[in-house]
1. For region 306-345, give me each residue that is outside any helix (DSSP H, G or I) and closer than 15 Å to residue 283 by Cβ.
2. Read through the list (1) more than 16 Å from the ligand (Cβ to nearest atom); (2) of a type outside the set (D, E, K, R); (3) touching a residue at least 40 places away in the same chain (Cβ under 8 Å), then give the number of the only condition that residue 247 fails.
3. Report whether or not residue 179 is surrounded by 12 or more Cβ atoms within 10 Å (Cβ to Cβ), of a type in the set (Gly, Ala, Ser) and part of a helix (DSSP H, G or I).
4. Filter region 502-550 down to residues that are assigned to a helix (DSSP H, G or I) and more than 23 Å from the chain's Cα centre (by Cα), then give me how many there are.
5. Any chance you could count how many residues in region 229-267 are charged (D, E, K, R), modelled with pLDDT of 95 or more and either within 25 Å of residue 543 (Cβ to Cβ) or assigned to a helix (DSSP H, G or I) (or both)?
6. Write out, first by first residue and then by second, each pair whose Cβ atoms fall under 8 Å of each other, whose residues are 6+ apart or on separate chains, and whose first residue, in region 129-153, is closer than 12 Å to residue 100 by Cβ while the second is within 13 Å of the ligand (Cβ to nearest atom) and open to solvent by less than 10 Å² (accessible area, probe 1.4 Å).
7. State the number of residues belonging to region 393-426 that are at pLDDT 95 or above, assigned to a loop (DSSP other than H, G, I, E, B) and open to solvent by 10 Å² or more (accessible area, probe 1.4 Å).
Amino acid sequence: MNLYKYVSNAINDKLGFVANLETPRNRAFGDFSTNAAMVMAKSTGKNPRELAAEILPKLSELGFVADASVAGPGFINIKLKDDFIWAAAKEPHNTKSEKAQKIDLDYGGYNVGKALHIGHLRTSIVGDTFNRIAKFLGHTTKSYNHIGDWGRPMGLIIAWILEYGMPQSAEELNKMYPASTARAKEDEAWMARAKEITAELQAGNPEYRKIYDDFMKISLAQMDEVLKKLNLLPFDATMGERGVAPYVAETQKILEAKNLLVESDGAMIVNVKTDEDTAPMPPLMFRTSSDTQTYAAADLSAIYYRTKTDSPDVIGYFTDSRQNLHFQQVFRVAKMAGLTNAELFHTGFGALTGADGKPFKTRDGGVAELLDIIDMVNDAVRTRVKEAGKELDDETISAIALAAVKFNDLLHDVRSDYVFDPNQITSFEGRTGPYILYTAVRLNSVLKRAGEVSDSIMGQLSEEERNLLIATLDFERTVQTAFDNRATDMIANYAYDLCQLINTFYHNCPILRDDVDAATRAQRLAVVRIARDTLASAIDLMGLKIPEEM
Ligand code: ARG
């Protein structure tokens with residue numbers, strides 16, 4: 001149940017107007033507090049405290065209210081009945097939205113011939129979690145890995161291969177693009193050749209196409225490895241710049257029909273600036289002067305293709321914030337040309353920095369590759385586990401490392417920069433993935449040792465039980481709000497707060513100890529099961545795995 005919504009609607013229905021519902025800071029006063037009397041006071045001019053006293057009997061009529069009292073200048077605090085909390089908390093979460101949408105999601109966006117690096121972490125993790133949230137809410141999603149597989153880097157790589165031969169591994173392949181780029185900077189002829197090859201590849205040159213197809217396999221295999229290591233849902237479509245190439249001509253026709261394309265120095269552009277723009281808004285580049293497909297043309301053609309094939313209600317993109325301008329331009333042109341009726345959104349991420357606030361680098365000063373980062377975090381976990389005198393198998397270590405990386409990524413507001421510190425994120429205490437997993441493992445082990453868990457209605461709730469169960473009843477609202485605001489950090493923070501309540505309960509309310517009587521134990525176990533189920537759902541949404549032991 002979405003407790004907040006349920007209580008809020010019931011109060012509003014009863015009173016016939018809309019009031020705010022809040023959680024009082026001091027929970028001893030009540031589970032919720034409403035400003036209903038102050039709202040009424042505004043329209044009637046009466047004293048809010050007197051009004052509150054008049055409203056109280058009405059609220060007490062509501063089936064779930066155990067007690068209502070006036071506080072401060074006219075707030076009304078409401079305490080819920082224990083049996084109502086029990087009954088609600090025992091129900092499985094019902095998170096299906098009333099109106100299911102078709103949502104195309106664009107994240108990952110890996111580049112062929114280049115290693116995945118730290119910049120690909122957030123798009124992968126946040127995109128994947130958003131996908132899971134949308135599915136959880138009953139929406140139909142289609143995830144696109146819009147890979148960078150058709151631009152000038154392809155020409156640069158092919159030029160290199162023609163001279164030095166085919167790469168035998170991803171490691172070898174990934175060195176070619178930087179090497180060829182460095183050469184192109186000094187050697188004009190080399191650059192000209194790379195441009196020419198790019199244009200010919202795009203036009204269908206069979207020799208280039210053969211080379212391209214061969215190194216493509218190496219890159220795709222490496223992407224797969226990363227997807228598995230990060231425990232991401234498989235992409236529904238790996239279709240990027242090349243995949244949409246067949247739709248560029250049709251897209252161009254639509255732009256032409258609307259008179260949007262303008263020639264400029266041999267290139268084709270679209271002016272997107274409006275009078276309202278205060279910040280610079282350069283034109284969108286649709287085709288270069290050397291007649292190659294642009295990044296923007298690919299995205300417009302992708303919108304055209306997706307609209308035609310999926311008829312989505314929403315198309316959402318997750319990239320770093322350096323692409324904010326690009327997506328503003330693309331969205332404007334898509335709307336000007338009427339390419340889609342879908343709602344378009346782009347979430348631009350901040351960067352991951354080292355402890356010094358500068359972009360995170362590896363120990364040797366290079367850009368950190370994703371697989372190295374995962375290894376680095378694995379090592380950090382291994383060291384910690386050893387220091388704690390524990391012995392855990394490799395699978396468990398990887399699950400903890402995965403949780404450390406992903407939770408840290410999800411925890412921060414996606415728009416802001418955040419610090420990536422392998423040491424801090426692997427701590428078993430504080431706002432970390434390992435802490436979340438540890439709490440889940442603890443609950444699982446209690447349940448396992450206890451065996452049978454009763455399901456019949458229980459008795460009076462302790463403060464710890466009450467706060468914890470009410471928190472589980474905020475899960476549905478949290479997932480919905482995270483979706484509405486595209487704020488995946490809400491899930492991570494919710495999971496942390498829930499774990500805090502779980503651990504307070506666990507410390508203050510012994511369960512399996514000999515001196516705990518059977519009825520108390522049964523009740524506490526019922527609370528554990530409900531808390532575990534909710535925490536496990538949150539953990540699932542973050543794409544983490546709960547180990548057997550920790
Ligand atoms: N390959 C691009 C890059 O690394 C990201 C692609 C993002 N998605 C998109 N539809 N443009 O910069």
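The values are calculated or read from the model by the stated rules, or taken from the named source; none is laboratory data. Treat the numbers as computed from the prediction; the structure is a model and nothing was measured. Using ideal geometry, Cβ is built from the backbone for each residue, glycine included, and neighbour counts are taken over all protein chains shown. Accessible surface is based on the protein model in full, side chains and every heavy atom, while ligands, DNA and RNA are left aside. Shrake-Rupley method; radii C 1.70, N 1.55, O 1.52, S 1.80 Å.
1. Of all residues in region 306-345, those outside any helix (DSSP H, G or I) come to 311-320, 338-345.
Correct list: empty.
2. With respect to (1) more than 16 Å from the ligand (Cβ to nearest atom); (2) of a type outside the set (D, E, K, R); (3) touching a residue at least 40 places away in the same chain (Cβ under 8 Å), residue 247 is out only on (1).
3. Values: surrounded by 12 or more Cβ atoms within 10 Å (Cβ to Cβ): yes; of a type in the set (Gly, Ala, Ser): yes; part of a helix (DSSP H, G or I): yes.
For residue 179, the condition - surrounded by 12 or more Cβ atoms within 10 Å (Cβ to Cβ), of a type in the set (Gly, Ala, Ser) and part of a helix (DSSP H, G or I) - is met.
4. So the first thing to find is which residues in region 502-550 are assigned to a helix (DSSP H, G or I), and the list is 502-508, 518-541.
Going one step further and asking which of them are more than 23 Å from the chain's Cα centre (by Cα), we end up with 502-508, 518-530.
Matching residues across region 502-550 total 20.
5. Adding up the residues that qualify gives 4.
6. Close Cβ pairs (under 8 Å, with a partner that is within 13 Å of the ligand (Cβ to nearest atom) and open to solvent by less than 10 Å² (accessible area, probe 1.4 Å)) amount to 134/105; 141/104; 141/105.
7. So the count comes out to 1.
Residue by residue, here is whether (1) assigned to a loop (DSSP other than H, G, I, E, B); (2) closer than 10 Å to residue 79 by Cα holds:
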residue	(1), (2)
33	no, yes
39	no, no
43	no, no
46	yes, no
50	no, no
53	no, no
58	no, no
63	yes, no
66	no, yes
